[in-house]
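What follows is a short report on a single structure.
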Amino acid sequence: MKTLTADRLDAAERFLWLNARPLERRRFQHLFKGGAAAAVVDALRPYQNPDGGYGNALEPDLRGDASQPVPAQHALEILHEAGADDDPAVDRLCDHLTTITTPDGGVPFVLPTVRQTPHAPWWQTPDDPPGSLVPTATLAGQLHRIGHDHPWPARATDFCWNAIDDLTDVTPYVAYAVLTFLEHVPDRDRADAAFERLRKPLLDCVALDPHAPGEAHFPLDYAPTPHCLARRLFDDALIERHLDALVDAQDDDGGWHVNFPIWTPITGHEWRGHTTVERLITLRAYGRLG
């Protein structure tokens, strides 16, 4: 069993100091060095807009300042990580989500304001975008996780159940969203039944070979902790093999790389900083920090 040694953790910290955004540096300090959670929340605040949503390149591939749905899921994850589920930013965000919800109860993948500023070429939308499981299901799942009582999650939950009931094939990013929703939605019997029905389509999204090339999605991407719902998809031997590969994947500079296109140089640094923190979280969750 391979572990990330103390000197390699130090190398990851140095990589973050040299390359990452203040947000990821604060997250690392909080999670691994006893740093203040308030510093994480403070680092997140500049990404929130007066309308309650999030933009300003919190999602590195969306360089503009306008609020977009996907950055909102990043914000909720970071607030939860910092123990700030009761921060007023959560209510402001839910109020914002209400203003961009489509008649069927979902929020779009991306809003047309994306066209006004630089963005990765795969962020495309029609003029009147429909509701989408990505990121509606993630957002609803995150709000269920914290038991938030704003009216928005209830409407979004109905949208998600209707969409999930119709699913037969699953794409990788839909899989992430659906798994987050099913892990935290209160109706556990319905969630377990949906998970079992979708087990094969979910597995079809996963690269089981830890050395698969290209934009692959691996077991630990879906199951970053041993207690999450997606962990039930994979046997122990497979997870152990991928954990060994994850330790080996640390670069000489201390960071981890991403396997998707980098379309402008700054996003390479920002995504590598984000990914490095996420990889460290996973390795610690599985007991692989030495």
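The values are calculated or read from the model by the stated rules, or taken from the named source; none is laboratory data. Since this is a predicted model, take the numbers as computed values, not measurements. All Cβ positions, even for glycine, are placed from backbone atoms using ideal geometry, and neighbour counts span all protein chains on display.
Descriptive notes on the structure:
- Residue within region 102-121 that is among the polar types (S, T, N, Q) and within 22 Å of Pro151 (Cβ to Cβ) present: yes
- Pick from region 1-45, criterion without any contact (Cβ under 8 Å) to a residue 60 or more places away in the chain and not in a helix (DSSP H, G or I), ranking: surrounded by the fewest Cβ atoms within 10 Å (Cβ to Cβ): Gly34
- Residue within region 90-103 that is in a loop (DSSP other than H, G, I, E, B) and in contact with a Leu (Cβ under 9 Å, 6 or more places away or on another chain) present: no
- One residue from Leu179, Leu208, Leu167, Leu202 being in contact (Cβ under 8 Å) with a residue 24 or more places away in the chain, assigned to a loop (DSSP other than H, G, I, E, B), closer than 26 Å to Pro130 by Cα and not aromatic (Phe, Trp, Tyr): Leu167
- Residue in region 237-259 that is over 22 Å from Lys33 (Cβ atoms), of a type in the set (S, T, N, Q) and surrounded by fewer than 17 Cβ atoms within 10 Å (Cβ to Cβ) present: yes
- Scanning region 116-134 finds one or more residues that are within 28 Å of Asp166 (Cα to Cα), outside any loop (DSSP other than H, G, I, E, B) and not polar (S, T, N, Q).
- Hey, Pro108 out of contact with any helix residue (DSSP H, G or I) (no Cβ under 8 Å at 6 or more places or on another chain) and either assigned to a loop (DSSP other than H, G, I, E, B) or over 21 Å from Ala75 (Cα atoms) (or both) or not: no
- Subset of region 256-273 (residues that are part of a loop (DSSP other than H, G, I, E, B) and among the acidic types (Asp, Glu)): none
- Condition check for Leu58: modelled with pLDDT of 95 or more and assigned to a helix (DSSP H, G or I): no
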